[in-house]
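Input: a single structure, listed below in structure tokens.
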Amino acid sequence: MPELPEVEGYTRYFREHALHQPIARVDVRDARILGEVRPEALARRLRGRTFTSVRRHGKHLFADAGAAWLRLHFGMTGDLAYYRDPSDEPRFARVVFGFEGGAHLAFEDMRLFGVVDLIDDPDAFIASHRLGRDPLDPAFGLRELRKLLAGRRGAIKALLMSQELVAGLGNLYVDETLFQTGIHPLRTADALRDGEVRALLATMRRILQAMIDGKPRRGWIFDRREEGERCPKCGGTLRRATIAGRTTYWCPKHQR
DNA sequence: CGACAAGCCTGGTAGC
DNA sequence: TGCTACCAGGCTTGTC
């Protein structure tokens, strides 16, 4: 499912294919995918314009269309497809942008957890939705992370899932980060030692970057989400439980 | 056939 | 009282 690394991939895909072509038409195949904007308004405000740049924050993609920004959120089954032949339209295309010149960009999403919307300003959106820092933002540092964790009595897993501290990690990457850092998902955020917070930030960045780069996941828990699986790190037996409302896997032997 | 999984929002409650 | 934490429920649909 699309978390930060996958959305980074979509952002690059969008940048590579969908910029600098006048938008001839916008076809909303299923209005349930839309956020605030109505289908007619989406089409009216984009038609004749071009996407000039695209950026990402956490799991959100923002494309600049001049007077407005297109916002895409990929939910759990969202994807982009760029193609010329209309018969190549994906089965679950929800919105299709048709460019002058005949190319198409489809936002597809089988399970409709994603969102297509039009907003005025990405930074205002990020602020109003209380999204935390993007973990790959170089300006985001250890000092700031420590400050964010201070006084938070909730479980670290819940906090990393919430998007309000750091934006972009979903269930799988939170588990992976805690696994590789050796931190138990139920640890109180406030009680993490300085070294653990440092490892947390460095590890999540390394994991996200490795995924973006398509590196192999040797020694990760990522592909072993199964109760009773062997811990690739220490030979312990992986445990499974619902934590923060999500299926959570961890190694009780080395995550403490 | 029903249960389940996912991300994220909403609304309610409990506790300091 | 106000804040924080935390829970259930809803949305959707392919897969088990």
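Values quoted throughout were computed directly from the atomic coordinates according to the rules given, and no laboratory measurement underlies them. Not measured: the values here are computed from a predicted model. Virtual Cβ from ideal backbone geometry, glycine too; neighbours counted across all protein chains shown.
Quick notes on this one:
- Dipole of chain A, positive direction: furthest Cα of A:ILE33, A:ILE183, A:PHE92, with charges on the beta-carbon: A:ILE183
- For A:VAL26, distant residues with modelled amide H under 5 Å away: A:GLY98
- Cα gyration tensor category, rounded, prolate or oblate, for the stretch A:4-128 with a/c compared to 1.5: rounded
- All lysines inside 30 Å of A:LYS253 as judged from Cα atoms, apart from same-chain residues fewer than 8 positions distant: A:LYS147, A:LYS157, A:LYS215, A:LYS233
- Dipole magnitude of chain A, debye to nearest 20 (Cβ charges: Lys/Arg +1, Asp/Glu -1, about Cα centre): 1060 debye
- A:VAL96 sits among other residues whose Cβ lies under 12 Å from its own Cβ, and their net charge, with Lys and Arg +1 and Asp and Glu -1, is -2.
- At R0 = 41 Å, FRET efficiency that the Cβ-Cβ distance of A:ARG44 and A:MET1 yields, to 0.05: 0.80
- Centroid-to-centroid, using Cα positions, the stretch A:87-164 and the stretch A:1-61 are 12 Å apart.
- Sequence-distant contacts, meaning Cα pairs under 8 Å at least 6 residues apart, place the relative contact order of the stretch A:4-128 at 30 percent.
- Relative compactness, chain A, computed as alpha-carbon Rg over 2.2 N^0.38 Å: 1.10
- Loop sites in the stretch A:46-114: trypsin sites (Lys or Arg not before Pro), DSSP, at most 15 other Cβ within 10 Å: A:ARG47, A:ARG49, A:ARG84, A:ARG91, A:ARG111
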